[in-house]
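Working notes for the structure below.
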Amino acid sequence: QVQLVESGGGLVQPGGSLRLSCAASGSIFGVVVMAWYRQAPGKQRELVAVITGGGSTNYAGSVKGRFTISSDNAKNTMYLQMNSLKPEDTAVYYCNFLTFNSNDYWGQGTRVTVSS
C-alpha cells in the first residue's frame, strides 16, 4: 500500500519560514490534484493550497502571498514553502493526492508550531 510521508514540520518563531515536503512511498499513477490541508487544535481541517497536474495553484486567503505550493510530478513529491509564519498557522499539516479515478491518499501529518 503506497503511503504519503510528510516532513519538515517543527517549531519556528513568528516571521520565520519552514518548507514542508510530501513524498509517496511508491509510484501513484494518475495523480491529478495535490493539496495541503491543516488542522489546528479544536478546529476543523481546512484546505491550505492546491496544485493540479498542469501546475495551476490556488490558496486559502489566509496564506496567500506567504505560502507557495510546488510539485515534482515525476517523483510524486510536493512541497509547501511557508514564509512570514504567524501563530495562527500553528497546526498539523497533511498532504493529499487525488487520482483521476478518485483514489484518495493522505499522509500522517507533520506538526508546525509558530511561537516565540
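The values are calculated or read from the model by the stated rules, or taken from the named source; none is laboratory data. Keep in mind that this is a model prediction, so the values were computed, not measured. Don't worry about glycine lacking a Cβ; one is built from the backbone with ideal geometry, like all the others, and counts go over all protein chains shown. Ligands, DNA and RNA are excluded from the accessible area calculation, which covers all protein heavy atoms including side chains. Shrake-Rupley method; radii C 1.70, N 1.55, O 1.52, S 1.80 Å.
Listed values, structure above:
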read-out	value
Qualifying residue in the stretch 21-30 (condition: open to solvent by 40 Å² or more (accessible area, probe 1.4 Å) and among the β-branched types (Val, Ile, Thr))	no
Every residue from the stretch 24-49 that is among the polar types (S, T, N, Q), under 20 Å from Ser102 (Cα atoms) and in a strand (DSSP E or B)	none
Residue within the stretch 94-106 that is in contact (Cβ under 8 Å) with a residue 24 or more places away in the chain and of a type in the set (D, E, K, R) present	no
Single residue of the stretch 1-25 satisfying the filter (over 15 Å from the mean Cα position of the chain (by Cα) and in contact (Cβ under 8 Å) with a residue 40 or more places away in the chain) that is nearest to Lys75 (Cα to Cα)	Val2
Hits in the stretch 61-73 - residues which are under 14 Å from the mean Cα position of the chain (by Cα), within 25 Å of Val2 (Cα to Cα) and open to solvent by 70 Å² or more (accessible area, probe 1.4 Å)	none
Scan of the stretch 85-107 for residues that are under 24 Å from Gly15 (Cβ atoms), open to solvent by less than 20 Å² (accessible area, probe 1.4 Å) and assigned to a strand (DSSP E or B), ordered by number	Ala91, Tyr93
Qualifying residue in the stretch 74-82 (condition: surrounded by 15 or more Cβ atoms within 10 Å (Cβ to Cβ), modelled with pLDDT of 95 or more, closer than 20 Å to Gly30 by Cβ and not β-branched (Val, Ile, Thr))	yes
Long-range neighbours under 7 Å by Cβ, at least six apart or interchain, first residue of a type in the set (Phe, Trp, Tyr) within the stretch 44-65, second open to solvent by 40 Å² or more (accessible area, probe 1.4 Å)	none
Residue, modelled with the lowest pLDDT, within the stretch 50-60, restricted to residues that are part of a loop (DSSP other than H, G, I, E, B) and open to solvent by 50 Å² or more (accessible area, probe 1.4 Å)	Gly54
